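Below: the structure, in structure tokens.
The values are calculated or read from the model by the stated rules, or taken from the named source; none is laboratory data. Here the structure is a predicted model, which means the values were calculated and not measured. Don't worry about glycine lacking a Cβ; one is built from the backbone with ideal geometry, like all the others, and counts go over all protein chains shown.
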Amino acid sequence: MRQEPIDPAGIQWTRVSPSYAKVRMVGWAIGALITLLVLSVPLVLVLTGVWEGFPLWLAITAPAVVVAVEVIRLVLIPRQVAAIGYAEREDDLLVRHGLMFQKVLVVPYGRMQFVDVAVGPIDRMLGLCKVKLHTAAADATAEIPGLPVAEGTRLREQLAARGESRLAGL
Amino acid sequence: MTPGRALPVPGPGETDGQDTPAAPWHRVHPVSPLVRGWIAVVAIAFVYGQNTLSSFFGEEEPNPGPEFISRTPLMVSLLVGAGILLLILLGFFGTWWFTKYQITDRHVNVNTGMVFRQQRQARIDRVQSIDIAQPLVARIFGLAELRFDVADSGSAAMNLAFVKLSEAHQLRNEILARAAGLKSPAPPAPPLPAPPDAFPVAGAIPDPVAPQTPFLEAPASASASLAASERVVAVVPTGRLIGSLLLRPSTILMVLGIIGLGIAMSTIEGFAPFYLLPAFLGMAGALWNNLNTGYNFKAATSADGLRLSYGLLDTRHQTVPPGRVQAIKVTAPFFWRPLGWYRVAVNVAGIGGGAANDAEQRSVLLPVGSYEDVLAVLSVVLPAPGVAAPRDFFAAAINGSGPEGGFVVSPPRVRPLSPLAYKRQGYALTDTALVARNGALHRSIAIVPHARTQGLRLSQGPLARRFGVVDLSLATIAGPVVPLVHQLDVASGRELFLEQADRAAAARRQTDSNHWLGDA
């Protein structure tokens, strides 16, 4: 996995499954379709002659911009998925994500309040799951999507065991 | 102390893992529902009485009621009124009768609800804060509300409204004694921890009201011997409070707005923007609210932790046990700086959540105070600051700039991004905490003890990447303190990130316990 400038030195990141990009693409497709449909309404109305007063150039520009933006987003999805990584250290879990806006989060096992494993319909088809580690602080919630189910289960057990052994109150 | 409320004494062989089964159940004070619901009762009585009387005397009706009321004879009206009153009283009686509480060695149990019953059990050693609040009406009756907060995001875990004031104090002491890890029957009260040498507190005023030597009392009950003596560390004089409120940007804006409107109304004919009145009333209300809650503010330290008391009409006594403070913020607002005034607020689990509407007020440790007051309060919530000379260190932290005091600040290349603050924004490490410094005009520092670090987040956007800087935010529980180290050099930010994670892990191993006196 490529090292970004903000990645702490000496961390070996584990990537999430590349097929998580497909999950993201399905979500992208639904969102893009709805946006496109809504913003195409003026164009349809103008073309069918219902709404004559609306400027034609604007009616064409809006869906065109949507298409351009959504294509860029689609192209970025595989790279964004490749930028998600996690690393287990002795006392804490590191999670990184983001290309343009990069974030690295470290959450100590001892601060863990509970672990979620979530599986959506597309996740299930591809054998993926999402592990979420919750702490008392809302902004220290580590989320690792796109894990193979076996790895997700292992991670959950691992986190629970380590959280137990390093248990700290609040 | 009535015999019925005496503490259950566990037998010698009893394990501490078991609750004493025989702990008695208590009810709150019988007039409680009335104290809570008096506004509704008065409103109903007023409207009803006015309608009835005016219809009876039959003159010009100032407030004509519904047809059926104005046509019914007085006798029927009175009967209906009595019926409504009876129903209300019955409801009050029911809520009172079905509200019961019990305090065992490890838990607080509260049963409430007439139709929808609720039984709640809260662990005493999870207490985050205990409040004794007295709204004005409750004060008239000599009653108080006891509130017990645990670290969930909702409202109080236990809300006993209302009990007698003395009883509330006693319950608080009992709960705190047990939360501290002392079993009943209690050993002699712990001596008050000596003020830390590191903090030479100038303004420590002994409080003559507080019991000074609990050793003299026979340890007949745990709570009596554990009414930990308190030492006042800071008070807010009324003059300073009013001054601080006048020097708030919102007050200044309001005054300027009124002056401006006055000039406009006197010069422009027919210009009378009465629609702005609610806005001004709202601002005045906020001002009054601050005055009401900041009045007679007193911060004291005791073996149970920090004690705050304040209030003009509604008073409140708040106890935050040691080790509950997750992060501390000291601010020096721009308009207060010439006067050398500061404000201290904290994040405490269970208080800071957005759900409670008084969260903001309850997380304030010092509404306005001098530097000495700030040090005195810090010495209580941060007993081990972890630096050799805290007085100089915190002076540098709050008002200094550049590397003095061991601060690492943003590199000079971020000047275009933060033209004023680039020399100030940065961080310093002590043995026990990380101090993040921000702001050039409105100055603030955030202190996060290593042992309380919930997580760290390093983030960088496109602009920050061009300047080679990162932001490091320290995760803490919800509250007014949002610790952020702004625009650090990438290399040092990366280093700090992992180092701080390791420091937090090391600190956690050493100090982590919910109990603060007894064995963990």
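Overview of values
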item	result
Any hit, segment A:33-43, residues being touching a Phe, Trp or Tyr at 6+ places or on another chain (Cβ under 7 Å) and more than 14 Å from chain B (Cβ to nearest Cβ)	yes
Test result for residue B:460, in contact (Cβ under 8 Å) with a residue 24 or more places away in the chain, surrounded by 23 or more Cβ atoms within 10 Å (Cβ to Cβ), within 14 Å of chain A (Cβ to nearest Cβ) and not hydroxyl-bearing (Ser, Thr, Tyr)	yes
Residue under evaluation residue A:11, criteria (1) hydrophobic (A, V, I, L, M, F, W, C); (2) exposed (fewer than 14 other Cβ atoms within 10 Å of the Cβ); (3) closer than 30 Å to residue B:498 by Cβ, criterion not met	(2)
Segment B:99-114: number of residues that are part of a strand (DSSP E or B), over 16 Å from residue B:149 (Cβ atoms) and hydroxyl-bearing (Ser, Thr, Tyr)	1
Number of positions in segment A:88-135 that are within 14 Å of chain B (Cβ to nearest Cβ) and hydrophobic (A, V, I, L, M, F, W, C)	13
Residue check, residue A:39 surrounded by 12 or more Cβ atoms within 10 Å (Cβ to Cβ), assigned by TED's automatic domain parsing to the domain that holds residue A:130 and not acidic (Asp, Glu)	no
Scope segment A:53-87; condition under 29 Å from residue B:504 (Cα atoms) and either touching a helix residue (DSSP H, G or I) at 6+ places or on another chain (Cβ under 7 Å) or within 14 Å of chain B (Cβ to nearest Cβ) (or both); matching residues	A:83, A:85, A:86, A:87
Qualifying residue in segment B:444-451 (condition: in contact with a helix residue (DSSP H, G or I) (Cβ under 6 Å, 6 or more places away or on another chain), within 10 Å of chain A (Cβ to nearest Cβ), surrounded by fewer than 23 Cβ atoms within 10 Å (Cβ to Cβ) and at positive phi)	no
Residue match in segment B:195-202 (condition: among the acidic types (Asp, Glu), at pLDDT below 50 and either touching a Phe, Trp or Tyr at 6+ places or on another chain (Cβ under 6 Å) or within 26 Å of residue B:325 (Cα to Cα) (or both))	yes
Subset of segment B:296-306 (residues that are surrounded by 18 or more Cβ atoms within 10 Å (Cβ to Cβ), farther than 9 Å from residue B:380 by Cβ and modelled with pLDDT of 90 or more)	B:297
Elements of type strands (runs of 3 or more DSSP E) in segment A:39-109, at least 3 residues being free of Cβ contacts under 8 Å to residues at least 40 places away in the same chain	A:102-108
Yes/no for residue A:159 being in contact (Cβ under 8 Å) with a residue 60 or more places away in the chain, among the aliphatic types (A, V, I, L, M), in a helix (DSSP H, G or I) and in contact with a Leu (Cβ under 7 Å, 6 or more places away or on another chain)	yes
Enumeration of residues in segment B:489-507 that are buried (at least 22 other Cβ atoms within 10 Å of the Cβ) and touching a helix residue (DSSP H, G or I) at 6+ places or on another chain (Cβ under 7 Å)	B:504
Residues satisfying the stated conditions in segment B:482-511, i.e. more than 10 Å from chain A (Cβ to nearest Cβ) and among the charged types (D, E, K, R)	B:489, B:503
Filter result for residue B:213 (surrounded by fewer than 18 Cβ atoms within 10 Å (Cβ to Cβ), at pLDDT 90 or above and polar (S, T, N, Q))	no
Close pairs (8 angstrom Cβ cut-off, 6 or more residues apart or separate chains): more than 8 Å from chain B (Cβ to nearest Cβ) in segment A:1-22, part of a loop (DSSP other than H, G, I, E, B) and of a type in the set (Phe, Trp, Tyr) anywhere	A:1/A:13
Residue ID - surrounded by the fewest Cβ atoms within 10 Å (Cβ to Cβ), chosen from residues in segment B:463-481 that are of a type in the set (Val, Ile, Thr) and within 7 Å of chain A (Cβ to nearest Cβ)	B:477
Test: residue in segment B:417-438 that is over 24 Å from the mean Cα position of the chain (by Cα), crowded, with 24+ Cβ neighbours inside 10 Å, within 8 Å of chain A (Cβ to nearest Cβ) and farther than 22 Å from residue A:135 by Cα	no
